[in-house]
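Encoded as structure tokens, the structure appears first; notes follow it.
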Amino acid sequence: MSFSVTFRHMDATDALKEYCWDKVDRLKKYFREPIATHVILSTERGYNHHAEFVIRLKNGILVRGEEATEDMYSSIDLAMAKIERQVRRWKDKIRDHKPSSTPGISVRHLVLDSGGLEPASERAPTPTPMAEEHVVSRQEYDVRQMTVSQAVMQMSLLHDEFLVFVNSDSRQVNVVYRRKDGHYGLIEAPAAAP
């Protein structure tokens, strides 16, 4: 298993690395060894200790948990408790999940600065390319093929508000998201015209 710990704004210690390893090792009772675990430990303003775990399982599923408290060991415990709750909840679906044999597609996520952008009602109807000065950050990631229920499970395990995926039934890019009323929404892309 690949295991790495990144320390940000704090000193790296073997004690914290071993503590994180022991916590991740306890997850073996739910599934075989993960392929990779990445832990990010950081402090903000000297008293806010943040722990984030990202665990990739052999079947391609990602599990993520994060927590921030005034004590690093407490943050690690709470983040791993969050992961354990999610793994227990989704245990059967995680175990039965078969990895997709088709490669994912690459998508780009841009965060835009709202300064200088006109509201849609005042904008000219002709589309214009996004000006580079409005892009605050960009991230590229692979979108995997899965069913809608697998996408909901993956989104919940990552504690995200939405997830972009390729629907294994329609072979189209879809987005599943968490609605304010607690339900899940699905955005389906229409089939391309011939």
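Can you tell me which residue within the range 1-24, out of those that are assigned to a helix (DSSP H, G or I) and acidic (Asp, Glu), is nearest to ILE83 (Cα to Cα)?
ASP22
Determine whether the range 53-70 contains at least one residue that is in contact with a Pro (Cβ under 9 Å, 6 or more places away or on another chain), free of Cβ contacts under 8 Å to residues at least 24 places away in the same chain, under 27 Å from LYS91 (Cβ atoms) and not hydrophobic (A, V, I, L, M, F, W, C). Talk me through it step by step, then tell me what you get.
Narrowing the range 53-70 to residues in contact with a Pro (Cβ under 9 Å, 6 or more places away or on another chain): 55-61, 63.
Filter once more, keeping what is free of Cβ contacts under 8 Å to residues at least 24 places away in the same chain: 56.
Restricting the remaining residues to those that are under 27 Å from LYS91 (Cβ atoms) gives 56.
Now narrow it down to the ones that are not hydrophobic (A, V, I, L, M, F, W, C): 56.
Among the residues of the range 53-70, at least one is in contact with a Pro (Cβ under 9 Å, 6 or more places away or on another chain), free of Cβ contacts under 8 Å to residues at least 24 places away in the same chain, under 27 Å from LYS91 (Cβ atoms) and not hydrophobic (A, V, I, L, M, F, W, C), which makes the answer yes.
Is it the case that the range 51-59 has a residue that's over 18 Å from the mean Cα position of the chain (by Cα), among the β-branched types (Val, Ile, Thr), modelled with pLDDT of 90 or more and not in a helix (DSSP H, G or I)? Even if it seems obvious, please write down each step before you answer.
We begin by selecting, within the range 51-59, every residue over 18 Å from the mean Cα position of the chain (by Cα); these are none.
No, because not a single residue in the range 51-59 is over 18 Å from the mean Cα position of the chain (by Cα), among the β-branched types (Val, Ile, Thr), modelled with pLDDT of 90 or more and not in a helix (DSSP H, G or I).
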Residue by residue through the range 129-187, note down the ones that are polar (S, T, N, Q), within 28 Å of ALA81 (Cα to Cα) and outside any helix (DSSP H, G or I). THR147
Hey, ALA120 modelled with pLDDT under 80 and at negative phi or not: yes
Quick one: which of LEU27, LEU41 is surrounded by 17 or more Cβ atoms within 10 Å (Cβ to Cβ), at pLDDT 85 or above and outside any loop (DSSP other than H, G, I, E, B)? LEU41
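The values are calculated or read from the model by the stated rules, or taken from the named source; none is laboratory data. If you're wondering where the values come from, they're calculated on a predicted model, not measured in any experiment. Note that we place each Cβ from the backbone using ideal geometry, even for glycine, and neighbour counts take in every protein chain shown.
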